[in-house]
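A short write-up of the structure that comes next.
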Amino acid sequence: MLVGTTNLNTTLNLIYVLTDVGETLLYDLRSEMGKQGYELRHDAKRNFNTAIAAIRKLKQDVDKSQLSTQENFGNDSDCLLAFIRLLVDRCGDDDKKMFAFYNYIKRHPSQLGLDLSDEKKYVRSYFQKK
């Protein structure tokens, strides 16, 4: 893990956080499917297990870090997942509402001073397609 606030270390940290979010969602999916009496097809189950194994390998770097760093990543991923679920719940399929939330958050001042020039390209292309 990199120390300091740069686009590079923020991107690396996001990878670790999103990896943890992905792992949680995969486990939640498996649990929810089991509760509802569903099971993944054999090939899908193999892909699912491959994804879990790859995530565990990626997370090995975090597991080697200090306990406080591990806790920070865990807290960040839990918070991000809660935010994503809340956003999806509140917006549903309404892209205009999603864009309104995006614009609301964008109005707040930057805390890190990151280069977000690509963000405009991705967001604009997404919302212009709709």
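The values are calculated or read from the model by the stated rules, or taken from the named source; none is laboratory data. No experiment lies behind these values; they were computed from the predicted model shown. All Cβ positions, glycine included, derive from the backbone under ideal geometry; neighbour counts span all protein chains shown.
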Enumerate the pairs (first residue in segment 39-51 and touching a residue at least 12 places away in the same chain (Cβ under 8 Å); second residue anywhere and of a type outside the set (S, T, N, Q)) with beta-carbon separation below 8 Å, excluding pairs fewer than 6 apart on the same chain, so at least 6 apart or on different chains. F48/L26; F48/R30; F48/L40; A51/G22; A51/L26
Every residue in segment 84-97 that is surrounded by 11 or more Cβ atoms within 10 Å (Cβ to Cβ), within 23 Å of T19 (Cα to Cα) and without any contact (Cβ under 8 Å) to a residue 12 or more places away in the chain, please. R85, L86, V88
Which one is modelled with the lowest pLDDT, of the residues in segment 11-54 that are of a type in the set (S, T, Y) and either surrounded by 15 or more Cβ atoms within 10 Å (Cβ to Cβ) or under 17 Å from G74 (Cβ atoms) (or both)? Y16
